[in-house]
Every structure is written in structure tokens, then in C-alpha cells.
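Visitor: Shown below is the structure under consideration.
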Amino acid sequence: MKLKPVLTVLAMLLLAGCGKSIDPNEPAGFVQIKGSDTIVNAVQKVSEEFMKDYPYVFVAITGGGTGVGIASLISKTCDVASASREMKPKEIQLANQRGVFPKEFVVAYDGIAVIVHKDNPVNKMTIGDLHKIFTGKATNWKEFGGKDLRIVTLSREVSSGTHMYFKEEVIQLSKKDSTEEFSAQTLLLTSSQAIVEEIATNEAAIGYLGMGYVSERIKALLLAKDEQFYPPDVENVLKKTYPLSRPLYFYTNGEPTGAAKLFVDFALGPKGQQQFKETGFVPLGATIAQKDQ
Amino acid sequence: MHRRISEYVVESLIKLSGLLVIILVFLLFLFLLKDSLSLFGIYPLGKFLFGRHWLPISEPPKFGVVPLFLGSLYVTVGAIIICVPVGVASAMFIAEVAPKALKHVLKSLVEILASIPSVVLGFIGIIWLGPVLRDVLGLTTGMCGLTGSLLLAFMALPTIISISEDAIVSVPRTYKEAAFGLGATRWQALWRVILPSASSGIIAAVMLGIGRVIGETMVAMMVTGNSPVIPKSILSPLRTLTATIAGEMGEAVSGSEHYFALFAVGLVLFVITFIINFIADAFLRRARK
């Protein structure tokens, strides 16, 4: 990015204007992060902590979805792409063609919570049930022991990594040759927060999102692959007993350098991981014992 | 001699700026057409225009524009049905009926209305209007075409009110005086004399309102649910052309099939607004004769 030196100088000028003198030994720079809406809040928190340690490195964060992050990594408009799914071989190939060689970092783990309205009597479901609901084969809550209401299915937009993951795991049941699709009636909302808002007020709605977004305003269902039901929490994501668990990623173009390296190292370090934990994700080094303490 | 030169320079400058607009529109059209045509090299035109499924990230992808077109059509028609009568009536009230003090207050309120950012309206739609409509009408979800229509009508109102009001005010006073002189009541004068004389301006206002509604993106994307399905009625979730471009452009890698498909959607939108403007122009000319 040609803009970067300019921005750095500008940022320095701004600070100098505030009467602070810059210690020449302090690292300075600018990091642009784009991508996953699932972890945008967590990354925001990490960057706030980061900027306390490195006051002259400026971090800009944009959400929009994993697809947005990966597309901008390929077109070199961001330093770090955050992602809630792995890059597809097709995307890596395209990146290589344009001289971008993505390097992957796992930054945290996440469970995808399936959420409903608080007054919905349904508490648990199997992946098979979800498949029926989200492909439109089952359309009434009665079939699952709920009220006589038409089910309203909510999904994220196609640019979302969570959308892709859910599609592969639930809609296509991990079968590579499956051509099943989300029911056309599914509402495609532009952010995880919009899904929370709709679920909080609509008794007939069901949606999914990263477990960092679960709050008291909504209810997360217990899920089962076969018979045993598990809640989306740190323990079950770690043990992989919760059926919809996945890693969250950062991608950089080649080995990160300068400010971007500082940021990635910080995010992977204890202070960064603490922020992921506080925003509801599962940090890397977490063990079940730690959680019990 | 000196005067002739400066006149010539000014004249050419004006001519140039006029030409520039035409060239820009033409280039824009070419640009859209070029990238859209790249799509039709790999994806058949018929399937794009008449396809009933919009599944951009599936294997193989389907780019049927029909559900998106109908989505935009439903929302726009709904908004126009709501905002045209209300807008024109408000304009009549402000221009002819309201006492002077009230008139000033109303005019500035309309201006404030115009300055509300669309994302704020969208937010109100998600938090308040959607749930209210759902409960009142007994719908399964408030994220539907009607919510979008209502908010978009709200957005188009200031345009329609201020332009119609200007048109009504600019009807010569003598028309009104003549009508009163012939014994017409205030209503008769307003309805039968002033309104028809201002009709060309009012139609222009309505057309600009339609332009505003069909091109609006943020509100449509936030409150209509974005389901790419052929809508059964305005009460079901739908997806508009604009929301599709805005929602998917970020992740479409440039040069991919999906990217070109979004350009083709943009071309459809461009053609629609072009037709609307063309019709508006024809009406205006007829009104002037």
C-alpha cells in the first residue's frame, strides 16, 4: 500500500501536535485489518489493548465478512485478513496468481451457536433437525415440540465465513457432492448483530452465529451430532463434542513484517488471547483444567 | 475583437461541460456493458434474464435476476403507492392551505426529514417498525417488502413534497383569482385549476421520488430480509437489485464470474432508471404542450 507511509507520517504529526514527542525506539506504523464479522468485536478489543502497548501503531478494523477480508488480501488492500473459515484452494490459487502468498494463523476457536427466542420451548436439536429446518423441509415449530408457528430461518450474507461453514456442515451435511442449498425463504442478514435483534423479538425465528454473540437476550440451543446434546461453551468446543466448532484465522501476505507482525504476535500472545476469551471465544492455550479454576 | 474571443471561450466551455455529461453517462454505460458482457461469455444471457434462482456461491453458481428484479419492483411500487398521495397532499396543504407560521415550520421539518441518513432509518426499521408490523399484521417476520416500502416512502417524501410544493406555488396567482372570480370554492380552485396547472412539476417530483426509491440501498438491505426468492406478496421477505450488489460486491474477487454477474445486475438497474427518466421526460413534454 502506497498510502501507508503517508498515513504513518500523518499519525505521527497528529501525535506530535498533541505535545508528545515520539521516542524513536518505539515502533510506529499502521495496520489495516479486514474480514470476519464474527470476530470483529474480539479483534477490536485486541487492538485496543495492543494500542496501549504500542501507542504509535495504528490499527484499523473493518468487518463485512470473511469473503470481504480474503478478497481484499488478494487485492492487497489489507495487511491482515481475519477469517472464520479456511481459505479455499481456489482463492489461494487466485492469490498466488496475483503474487500474494497467504500465511495462515489460527488465533482462537469458536463454536457456532444456534439461537432462538427466549420464550421458544425448544431447547435442543440434532444436526439432522437443523438440516431439515434450514433447507426448508420442516417449516413448523410443532414438529420439534414447539408452538404452532411457521419457522423463520435467518442466515448471514454469502460473504460470511460462518455462512459457508454452516452450509457445508448443516445444509450439505459435509458431503462434497451435495448440491443442497439454504431454503430460498431464508432471510440473509448483513451482520451478526442484525440476527440477534431479529431473534430477540421474533418467537418464530432461528438463526446461527459465533458464540461470542450469545447473550441473555437470546437462547442458544444444545446440539447433537448423534444422541448426546452439548451446549456451545468453551469446554465442549475444546473437546470438539459440540458439533459446530471451528478455528478462527488470520491471514497475512507471506510472513508478516513490521507493524502487522507486532499485531499478529500480540494477538497470539497472552494479552491478545485474554481479549478473545473475554469476548466469548475459546483462546488457543486454553485447557479444560484452566476453565475449571 | 477581445470581446468576441472571451465570448467564444465561455461558449465553448459551456458546450464542453454539456458534452462532458453526455460522455460520462455514455462511458458509464460502456463500462457496465463491458463487464456485463464478460459474464454472458461464460453464463448464458437467457438464464440470467429469466433464471428464477440467485445462488452466487454454489457450485455451479446460478445467476437468475428475476427474483431480484421482482424484489425491487415490489418495494418500489409499494413505496410509490404510499408516498405519492401523502406527498402531493402535504405539498397542497403547505402551499395553499396552511397559515403562514405553520407553513414555515412544516417546510423546515420537511428539510430535516430529508437530512436523516438512510442507515438510521434502516436501524429504526430493524428495531421498531419491523417488529410492530409483524405483530400488527400477524406476519412470521417483520423483515419484509412492506417494511422496506414504508421506510423508502418516508425517504422519498421530502423530495416529492418540496418539488411539488414549488410547482404549486409557481402557478400564476391570476389562475386562482380567476377561479375564485367564477365562484369556485377554495377546494374547487385547488383541485380543478391549480393542481392540473402544476401537474408537470408534480410528475417530475414523483419520478424523482421513484428514482430515489429504486436506487436506495442501505434501507433495503437492512430491513427487507434479502431472501433471493420470487416474492409472493409485498408481505414476504425479498431481495432488491441494489442490496444484492452492496451485499456481495465486497467478497466478489474482481474478474470472477460472480463479479461480472454483479455488474450485469448494475446494468439492469441502469436500464430501469433510464426507462423511468425517459418516461418522465415524455410526460413532462406532453404536459408542457
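The values are calculated or read from the model by the stated rules, or taken from the named source; none is laboratory data. Predicted model only: the values in this text are computed from it and were never measured. For neighbour counting, all protein chains shown are included, and Cβ atoms are generated from backbone atoms with ideal geometry for every residue, glycine included. To get the accessible areas, we keep the full protein, side chains included, count just its heavy atoms, and leave off ligands, DNA and RNA. Shrake-Rupley method; radii C 1.70, N 1.55, O 1.52, S 1.80 Å.
Visitor: Please check the stretch B:132-164 for residues whose accessible area, probe 1.4 Å, is lower by 20 Å² or more when all protein chains are in place than in their chain alone.
Guide: B:134, B:140, B:141, B:143
Visitor: Could you give me the ³J(HN,Hα) list for the stretch A:205-220, computed from phi with Karplus coefficients 6.51, -1.76, 1.60 and θ = phi - 60°, whole Hz, x at Gly and Pro?
Guide: So the J values, rounded to whole Hz, are 8, 9, x, 9, 6, x, 5, x, 8, 6, 9, 6, 6, 9, 10, 8.
Visitor: Pull out the extension gain between residue B:232 and residue B:105, defined as 0.36 nm times the separation in residues minus the alpha carbon to alpha carbon distance; nm, one decimal.
Guide: Value of the extension gain: 41.6 nm.
Visitor: If you don't mind, there's one more thing I want to ask. Just to confirm the number: angle between the C-alpha axis of helix A:192-201 and the first principal axis of chain A, 0 to 90 degrees, nearest 10?
Guide: With rounding to tens, the tilt is 40 degrees.
Visitor: For chain B, modelled as a Gaussian network with Cα springs under 10 Å, which listed residue fluctuates most, B:247, B:215, B:225?
Guide: Most flexible of the set in this elastic network: B:247.
Visitor: Also: Once phi is turned into ³J(HN,Hα) by the Karplus curve 6.51 cos²θ - 1.76 cosθ + 1.60 with θ = phi - 60°, what whole-Hz value does each residue of the stretch A:247-264 show in order, with x for glycine and proline?
Guide: These are the phi-based 3J(HN,Hα) values: x, 10, 10, 10, 10, 10, 7, x, 5, x, 10, x, 4, 4, 5, 4, 5, 4 Hz.
Visitor: Continuing with this model, one more query. Would you be so kind as to identify which of B:174, B:139, A:243 lies farthest towards the positive end of the dipole of the protein assembly as shown, taking Lys and Arg as +1 and Asp and Glu as -1 on Cβ and the Cα centre as origin?
Guide: So the residue furthest toward the plus end is B:174.
Visitor: Multiplying the sequence separation of residue B:58 and residue B:128 by 0.36 nm and subtracting their Cα-Cα distance, what value in nm do you get?
Guide: Taking residue B:58 through residue B:128 to full extension adds about 21.8 nm, to one decimal.
Visitor: Right, here's the next one. Residue B:186 to residue B:6: extension gain in nm, 0.36 nm per residue of separation minus the Cα-Cα distance?
Guide: That works out to 59.5 nm of additional length.
Visitor: I want the antiparallel fraction of DSSP beta bridges within the protein assembly as shown, as a percent rounded to 5.
Guide: So the antiparallel bridges amount to about 55 percent of the total.
Visitor: Extending each Cα 7 Å along its Cβ direction at residue A:122 and residue A:175, get the distance between those two points in nm, one decimal.
Guide: So the two model labels end up 2.2 nm from each other.
Visitor: Using helices alone, I'd like the mean residue ellipticity at 222 nm for chain B: each DSSP H run of four-plus residues gives -39500 (n - 2.57), total over residue count, nearest 500.
Guide: Roughly -23500 deg cm²/dmol at 222 nm, from the helical runs in chain B.
Visitor: Still on this structure: Under 10 Å, Cα contacts only: if you run a Gaussian network model on chain A, which one of A:38, A:135, A:162 comes out with the highest mean-square fluctuation?
Guide: The residue with the greatest mean-square fluctuation here is A:135.
Visitor: State the percentage of accessible surface on the protein assembly as shown attributable to carbon and sulfur atoms; use a 1.4 Å probe and exclude ligands, DNA and RNA.
Guide: Ligands and nucleic acids excluded, carbon and sulfur reach 63 percent.
Visitor: Any chance you could check the Cα centroid distance between the stretch A:163-181 and the stretch B:156-220 for me, in angstrom?
Guide: 55 Å
Visitor: While we're looking at this one, here's another question. Charges only on Cβ, +1 for Lys and Arg, -1 for Asp and Glu: so what's the dipole of the protein assembly as shown about the Cα centre, in debye to the nearest 20?
Guide: 1700 debye
Visitor: Under the definition of Cα pairs under 8 Å and six or more residues apart, what whole-number percent is the relative contact order of chain A?
Guide: The normalised contact order for chain A reaches 26 percent.
Visitor: Measuring with a 1.4 Å probe in the full set of protein chains, what accessible area per residue, in whole Å², belongs to chain A?
Guide: Using a 1.4 Å probe on heavy atoms only, each residue of chain A averages 44 Å².
Visitor: Going from most exposed to least, what order do B:4, B:285, A:85 have by accessible area with a 1.4 Å probe?
Guide: From most accessible down to least: B:4, B:285, A:85.
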